């Protein structure tokens, strides 16, 4: 089941993020944060990440949200990892051409 159908809050978050990062290639990431875990947005070839204020007490749930939102926007695990690596000064991210 699509996470944006399962959690209304995920649908709202997806729409806000889509507007804010329009035209950019990004992935959702789950991160350790004070008080638990939180989501962030990693933008391809930009340093760091953009934190989202939603805090999860359980790492498993934070990862479920990040994975589910990535799936919703068509970002698979390999692409998400490549985007994250590009934010750390690693290999630049370029979309694969089919």
Item checked: Computed [θ] at 222 nm, deg cm²/dmol, the chain (DSSP H ≥ 4; -39,500 (n - 2.57); rounded to nearest 500) -> -13000 deg cm²/dmol
Margin query: With the crude spin-label approximation of a point 7 Å out along Cα→Cβ, what separation in nm comes out for residue 85 versus residue 24?
Written below: 2.1 nm
Item checked: Contour excess over end-to-end distance, with Cα ends at residue 16 and residue 92 and 0.36 nm allotted per residue -> 24.8 nm
Margin query: Pairs of alpha-carbon atoms within less than 8 angstrom and 6+ residues apart define the contacts here; what relative contact order does the chain have, in percent?
Written below: 27 percent
Margin query: Angle check, please: helix 59-72 long axis (alpha carbons) against the longest principal axis of the chain (alpha carbons), in degrees 0 to 90, nearest 10.
Written below: 60 degrees
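For the chain, what proportion of DSSP beta bridges, expressed in % and rounded to the nearest 5, is antiparallel? Please list the in-between numbers first.
Numbers: 12 of 12 bridges.
So the antiparallel bridges amount to about 100 percent of the total.
The numbers here are math on the coordinates, done by the rules we state, and not lab data. Worth saying up front: this structure is predicted, and the values here are computed from it rather than measured. Neighbour counts are summed over all protein chains in view; Cβ atoms, including those assigned to glycine, are modelled from backbone coordinates with ideal geometry.
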